[in-house]
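Novice: Below is a structure I'd like to ask you about.
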Amino acid sequence: MLPSEVLQRHPDDGWTLAAPMNVGARTRRVLLRLADAILPPRPRTETTLEDVTEHALVCLRYMPSSTGLLFLLGMHLLNWSPLWRLRGLRPLTALPTDAARRHLASLTRSRWLPVRLLMMGPLGLFMSSYFDQDYVHRELDYDPGPFVAERIELRRRWVEGQEPGTEDEIHHLPVRAP
Amino acid sequence: MTILSHRDYRAGELYDAEVVVVGTGAGGAVVGAELAEAGRDVLFLEEGGYHPTSSFNPYLAESLPRLYRDAGGTIIMGRPPIPYAEGRCVGGGTVVNGGMTWRPPEEVLTEWATMTGQPDLGAKAMEPLFDRVEERIHAKPQHPSSVGEDSRLLEEGARRLGWRYEHNHRAQDRCVGSNQCLTGCPTGAKQSTLLSYMPRALSNGARCLTEVRAHRLWIERGRCVGVFGKGVNPRTREEDIDVRVRAKAVVVSCGAVQTPFLLLGHRLGRPSGQLGKNFLCHPNAKVLATYPSDLYAWQGVSQGGQIREFRDEGILLAENAVPPGTVGAQMPFLGEEALDLMKRYNAMAMTGVLVEDSHAGRVTRSFGAPMAKYTITRYDHDRFLRGVRHLAALHFEMGADKVILPFSNFHAANSVDDLAQIERSQRSRSTIELFTVHMMGTCRMGSTPRESVVDLSGALWDLPGCYVADASLFPTAVGVNPQLTIMALATLVAQRLRLPN
């Protein structure tokens, strides 16, 4: 098998990814709003928000059901955080994206630990999914595929008896003066 | 080779074995392989799936649900809360860890021998066990072709500052530094138990039931005679089919959080009251630095070495490049601000401070799930601040233009002068951001039922036929990456396990 064939995003090893957790329209709207406020406004595709929300709901399936429910409850709490933080009467779903983002950013810097804790879940789920997309990788100039494929090939040659040489070393910086 | 999954199970089916091992990570795979090689009929129960090397890829969103417990969404509650990661797949944590193979410091083993009154746990007596494991997982230093710029940068920084730097020995066979340790090694070099111990076990007749969650121990007339599990439907994640295994001995190797969770369901460990206590997690704090030019830290071995200058204080400094998804998830920035920083990903050195536990937390059962609680002490907090300052100073010494700090109220330092603010701004323990992958303790080994959960063969004091073989056995913190110690203790358990006639 060629290295390029073994680095697929959806490897065909017979394993099934779980279906997303079922949630109502209101909860989905809250998740989409949080994703929109948390993620960078660009680069995005037309389906970025749906994709990261779907990924979050898939991940919730892998957690104990009590954890999944607590997470969703936390998202509703976040949605109403402008109210309980005495910053306004409207939930995040009714605020413009920039205002919602500014509000959530202030929560990540809150001096109250439970408030920051509330932000850990959506930040972790949405950001890990977003920064794993190919179009975002392009923006970061990050493309692990060719490098990993080259390393798989290098090891294959080594296993066959050809030990790597200095030309196989990884250098990107100029050699520093001693 | 028999590896079954959810679709293979039939309602009411009963499996028989001499020994059933719950878990296939650093503890379970080792104990199972040693027993299978000794001629025992071994059956593994594994909650996760079987994912061969050819299925591994560098994409985090794919790997989290496939390889990690709760898709990586696990957290220790306390001040501060500490997210943690553990493997859930055949090979367990060894599939997704960095593969470091440090022996515990001699003084730790001496303390274990003294605490338990058993010279068998001392450094000299344990040496043959470490030798055996190291040979089986190819614990060796890295080849020069596998070392990346971030490792060289840390080593050079340590040299300039006069600090002791040691190259890691890792469980690897011809590692070429693809730096995909966290998402499963796609080259097959990392000698996780998926590639080292499990094939040994399976080729000696062991069987492995994957996608089965162990729910309860099967206890008859005061003896453990098997395990009740449930097959987990991979599509719905519902536990929809009973899987029963009857055996002469049960070895629980689910890790320091899940093992006590399973045992606490039977109200075990009562003589000492220690079950679930003594929870250690060797937390770490991330320190990210951006440099004026690109390092491509994601190329080259994950953690080529450690700065061990402060080891006597319980502080280790190391680099550990992680994928952009992991960095993005741990950053305190949103929107454009997050993207602006992530655009420097290729110029980032991702490093961390590990601090040895000075006290312990606890694992309990709560709403049908394990609840781990742990709060760092003032002493730990002071050491974290010191370690972060040291590491940030090293980055500035090496020319970093910015250092992202692990504090919710002090995110970035732009020069070495800014580091003076660390002590002033960090008075509360709740503002530091920590993470861990080294959970230990909770079923401590000992020589009497008054002070420990299991005896020195890993057998539960109050449930004959039931053994523990994983990181939960540790009587105290080891202060280094625990994989090798887990494997050595699992080998000891396998050697001492006795089956009834």
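The values are calculated or read from the model by the stated rules, or taken from the named source; none is laboratory data. Keep in mind that what you see is a predicted model, and the values were worked out from it rather than measured. Here the Cβ positions follow ideal geometry from the backbone for every residue, glycine too, while neighbour counts run over all protein chains shown.
Novice: If a residue has to be within 30 Å of B:Leu460 (Cα to Cα) and modelled with pLDDT under 95 to count, how many in segment B:274-304 make the cut?
Specialist: First, the residues of segment B:274-304 that are within 30 Å of B:Leu460 (Cα to Cα): B:274-283.
Filter again for modelled with pLDDT under 95, leaving none.
Result for segment B:274-304: 0.
Novice: Identify, please: which residue in segment B:343-370 is of a type in the set (Gly, Ala, Ser), part of a loop (DSSP other than H, G, I, E, B) and in contact with a Ser or Thr (Cβ under 8 Å, 6 or more places away or on another chain) and is, among those, farthest from the other protein chains (Cβ to nearest Cβ)?
Specialist: Step one: list which residues in segment B:343-370 are of a type in the set (Gly, Ala, Ser), which gives B:347, B:349, B:352, B:358, B:360-361, B:366, B:368-369.
Remaining after also requiring part of a loop (DSSP other than H, G, I, E, B): B:358, B:360, B:368.
Okay, now just the ones that are also in contact with a Ser or Thr (Cβ under 8 Å, 6 or more places away or on another chain), so B:358, B:368.
Working: B:Ser358: 21, B:Gly368: 6 Å.
So the residue we want is B:Ser358.
Novice: Still on this structure, I have one more. Among what's in segment A:43-85 and is within 24 Å of B:Glu62 (Cβ to Cβ) and of a type in the set (Lys, Arg), pick the residue that is farthest from the other protein chains (Cβ to nearest Cβ).
Specialist: Looking at residues that are within 24 Å of B:Glu62 (Cβ to Cβ) and of a type in the set (Lys, Arg), I get A:Arg44.
Novice: Collect the residues in segment B:3-55 that are more than 23 Å from the chain's Cα centre (by Cα) and part of a loop (DSSP other than H, G, I, E, B), keeping them in residue-number order.
Specialist: Answer for segment B:3-55, where residues must be more than 23 Å from the chain's Cα centre (by Cα) and part of a loop (DSSP other than H, G, I, E, B): B:Ser5, B:Tyr9, B:Arg10, B:Ala11, B:Gly12, B:Glu13, B:Ala38, B:Gly39, B:Arg40, B:Asp41.
Novice: Given the structure, is B:Thr326 hydroxyl-bearing (Ser, Thr, Tyr), under 25 Å from the mean Cα position of the chain (by Cα) and within 19 Å of A:Arg138 (Cβ to Cβ)?
Specialist: So B:Thr326 passes the test.
Novice: Among the residues of segment A:109-142, which ones are charged (D, E, K, R) and either assigned to a helix (DSSP H, G or I) or modelled with pLDDT of 95 or more (or both)? Steps first, please.
Specialist: Going residue by residue through segment A:109-142, those that are charged (D, E, K, R) are A:109, A:111, A:116, A:132, A:134, A:138-139, A:141.
Selection gives A:Arg116, A:Asp132, A:Asp134, A:Arg138, A:Glu139, A:Asp141.
Novice: Go through the residues of segment A:27-39 one by one and say whether even a single one is assigned to a loop (DSSP other than H, G, I, E, B), modelled with pLDDT of 95 or more and crowded, with 24+ Cβ neighbours inside 10 Å. Walk me through it before giving the result.
Specialist: The first filter runs over segment A:27-39 and keeps only residues assigned to a loop (DSSP other than H, G, I, E, B), leaving A:39.
Applying the additional criterion that residues be modelled with pLDDT of 95 or more yields A:39.
Imposing the further condition that a residue be crowded, with 24+ Cβ neighbours inside 10 Å reduces the set to A:39.
So far as segment A:27-39 goes, yes, one or more of its residues are assigned to a loop (DSSP other than H, G, I, E, B), modelled with pLDDT of 95 or more and crowded, with 24+ Cβ neighbours inside 10 Å.
Novice: Assess whether B:Val388 counts as being of a type outside the set (D, E, K, R) and either in contact with a Pro (Cβ under 9 Å, 6 or more places away or on another chain) or in a helix (DSSP H, G or I) (or both).
Specialist: Working: of a type outside the set (D, E, K, R): yes; either in contact with a Pro (Cβ under 9 Å, 6 or more places away or on another chain) or in a helix (DSSP H, G or I) (or both): yes.
Yes, satisfied.
Novice: Go through B:Gly184, B:Gly148, B:Gly162 for me and flag whichever is more than 23 Å from the chain's Cα centre (by Cα) and crowded, with 24+ Cβ neighbours inside 10 Å. Full working, then the answer.
Specialist: Working: B:Gly184 fails: more than 23 Å from the chain's Cα centre (by Cα); B:Gly162 fails: crowded, with 24+ Cβ neighbours inside 10 Å.
Only one candidate qualifies: B:Gly148.
Novice: Right, something else. Restricting the search to segment A:21-42, which residues are more than 10 Å from chain B (Cβ to nearest Cβ), in contact with a helix residue (DSSP H, G or I) (Cβ under 9 Å, 6 or more places away or on another chain) and of a type in the set (Gly, Ala, Ser)?
Specialist: Residue satisfying the conditions is A:Ala35 alone.
Novice: Write out, first by first residue and then by second, each pair whose Cβ atoms fall under 6 Å of each other, whose residues are 6+ apart or on separate chains, and whose first residue, in segment A:140-155, is facing chain B (nearest Cβ under 7 Å) while the second is at pLDDT below 95 and part of a helix (DSSP H, G or I).
Specialist: A:Ile152/A:Pro3
Novice: Still on this structure: Can you tell me how many residues in segment B:319-349 are touching a Phe, Trp or Tyr at 6+ places or on another chain (Cβ under 9 Å), among the hydrophobic types (A, V, I, L, M, F, W, C) and closer than 16 Å to B:Phe435 by Cα?
Specialist: 4
Novice: Follow-up question, since we're still on this one. Which one is surrounded by the fewest Cβ atoms within 10 Å (Cβ to Cβ) among residues in segment A:73-108 that are assigned to a helix (DSSP H, G or I) and touching a Phe, Trp or Tyr at 6+ places or on another chain (Cβ under 9 Å)?
Specialist: At the first step, the residues of segment A:73-108 found to be assigned to a helix (DSSP H, G or I) are A:73-79, A:81-84, A:92-94, A:97-108.
If we keep only those that are touching a Phe, Trp or Tyr at 6+ places or on another chain (Cβ under 9 Å) as well, we get A:77, A:92, A:105, A:108.
On the way: A:Leu77: 14, A:Leu92: 24, A:Ala105: 18, A:Thr108: 19.
Checked segment A:73-108; the qualifying residue surrounded by the fewest Cβ atoms within 10 Å (Cβ to Cβ) is A:Leu77.
Novice: A:Arg9 versus (1) among the basic types (Lys, Arg); (2) modelled with pLDDT of 95 or more; (3) within 30 Å of B:Arg7 (Cβ to Cβ): which is the lone unmet condition?
Specialist: Condition not satisfied by A:Arg9: (2).
Novice: Here's another thing I want to ask about it. Within segment B:317-342, take every residue that is touching a Gly at 6+ places or on another chain (Cβ under 9 Å) and either among the basic types (Lys, Arg) or assigned to a loop (DSSP other than H, G, I, E, B) (or both) and give me the one that is farthest from the other protein chains (Cβ to nearest Cβ).
Specialist: Checking each candidate, the answer is B:Asn320.
Novice: Is there any pair linking a residue in segment A:84-99 that is under 16 Å from A:Val30 (Cβ atoms) to one that is of a type in the set (Gly, Ala, Ser), with Cβ under 6 Å and at least six apart or on different chains, and which?
Specialist: A:Leu92/A:Ala100; A:Thr97/A:Ala37
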